[in-house]
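All remarks here apply to the structure that follows.
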Amino acid sequence: MITRRALLSSGLALGLAACAGEPARLARPPRPKATPGMVDEPALVGLNAVIDLHHANEVKSFAAAREASGVLAVIHKASEGDWQDPRYEERRAAALGAGLLWGAYHFGTEQHPGRVQARMFLAAARPDPATLLVLDLEANRRVPGNSMRLGAAEDFVREIADTTGRLPLLYTHPAWADGEIMSGQSLGGAVEPDSILAACDLWLADYRYEPELPRAWGAKGWRLWQYAGDDAANGGPFRDRSRAVRGVERCDRSVFAGGRDDLAGYWTGLPARVGTTS
C-alpha cells in the first residue's frame, strides 16, 4: 500500500523543514518506538503469516501460500471510494477454500462522506462475522486532493461500528496519523487519543528496520505491522519477502502481534464489540 518512496519523501520533507527552521514541527515530541530496538528479522517480533492484496497482484495458488510459505490470513482490497475491486469475490472464495482467514479493506478517499463510503465498503465486502474489516487511511498519491481526511475517517469508523457492532482495524503510517505532511498533503490534523480512530487496533505501515508508532497508539502498540511492500524497488529493506510467498506473484507482508492461536481468535472476534460511538 504505502511505498518506500513515500516514506523517503516524507523524511526528506521533514529534513528540509528542519533546515528552514520550522519551529512547530521541531517542537513535536518524538514518536514512541514500536519495537524494543533494531529489527533485522520481522518474524522475531510477531507471526509472519499475513499478506494483503489487490486486483493487480497475481495469485496462482492460495493453498501453496499456506502450505509452503506459512500464510494464514489474507486481507484483500474490496473498495476505494465508490469503486469495487473486481477480483475480490473470486479470491475470497479461493482463500477461504484454502483454509485461510479473510479480511477486507477500504481505501479511503475524500470524494464521498465517510459514512457513505462505509456503506459502500460493506456492500462490496459482504462481511460475515469472521471477516476482518479494515480502513486504509493514507495519502492518495495518484490523486492527492482525493485523500480521506480526519473527519471523514472518523465518520467511516462510526458507521462501521453502528452497523456491525465492531470497530475496523486502522491501517496507517505514523507520520500520516500524526498529521504531518506526506507527498505534499496531510490528514488535516493528528489522530488524538480520544478519537474513535485511536480506539481501533493499529495496522502499522512502516517499512523501516525500526518502526515507530503514531502517538495516539503509543501506549497500545500495533496489532499488525506491514513491514514489506510489494514494490521491488521501493518496498523497504524486507521487500524481497514480498516475492517469497509461494503461489503469489507479489504481495505486501505483515506480522501479527501474537501466535497462531491468537491470530485465529483475534480475527474471528475483532475487535471488542462496541455499543455506540462517540
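Read-outs: derived from the displayed coordinates by stated rules, not from any lab. Note that this is a predicted model, so its numbers are computed, not measured. Positions of Cβ are generated from backbone atoms using ideal geometry, with glycine treated the same way; all protein chains shown enter the neighbour counts.
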Task: Order of Ile181, Ile160, Ile196 under a 10 Å beta carbon neighbour criterion, fewest first - done: Ile181, Ile196, Ile160
Task: Cα-centre dipole for the chain with unit charges at Cβ (Lys and Arg positive, Asp and Glu negative), debye to 20 - done: 240
Task: Residue among Phe107, Phe121, Phe238 with the largest mean-square fluctuation in a Gaussian network model of the chain, springs linking Cα atoms under 10 Å - done: Phe238
Open item on the list: What does the C-alpha gyration tensor say about the overall shape of segment 138-278? Classify as rounded when a/c is under 1.5, otherwise prolate if a/b is larger than b/c, or oblate.
Closed with: oblate
TODO: Would you mind classifying segment 178-230 by shape? Square roots of the alpha carbon gyration tensor eigenvalues, ordered a ≥ b ≥ c; an a/c under 1.5 is rounded, otherwise it is prolate if a/b is larger than b/c and oblate if not.
DONE: oblate
Open item on the list: So if I place +1 on the C-beta of Lys and Arg and -1 on the C-beta of Asp and Glu, and nothing else carries charge, what would the dipole magnitude of segment 167-219 be about its Cα centre? I want it in debye, nearest 20.
Closed with: 100
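Sort Glu80, Glu249 by Cβ crowding within 10 Å, fewest neighbours at the top.
Details: Glu80 22, Glu249 14.
The most exposed by this proxy come first: Glu249, Glu80.
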Open item on the list: Quick check on segment 74-185: take the gyration tensor over C-alpha atoms, sort the square-rooted eigenvalues as a ≥ b ≥ c, and tell me if it's rounded (a/c under 1.5), prolate or oblate.
Closed with: prolate
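Only Lys, Arg, Asp and Glu count, each charged at its Cβ (+1, +1, -1, -1), so figure out the dipole size of segment 132-278 about its Cα centre, rounded to 20 debye.
The calculation lands at about 400 debye.
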TODO: Rank the residues Trp222, Trp102 as a footprinting-exposure proxy: fewest other Cβ atoms within 10 Å of their Cβ go first.
DONE: Trp102, Trp222
Task: Cβ-defined net charge surrounding Glu249, 12 Å radius [Lys, Arg +1; Asp, Glu -1] - done: +2
Open item on the list: Only Cα pairs within less than 10 Å get springs; with that Gaussian network setup on the chain, which residue of Met38, Met182, Met120 has the largest fluctuation?
Closed with: Met38
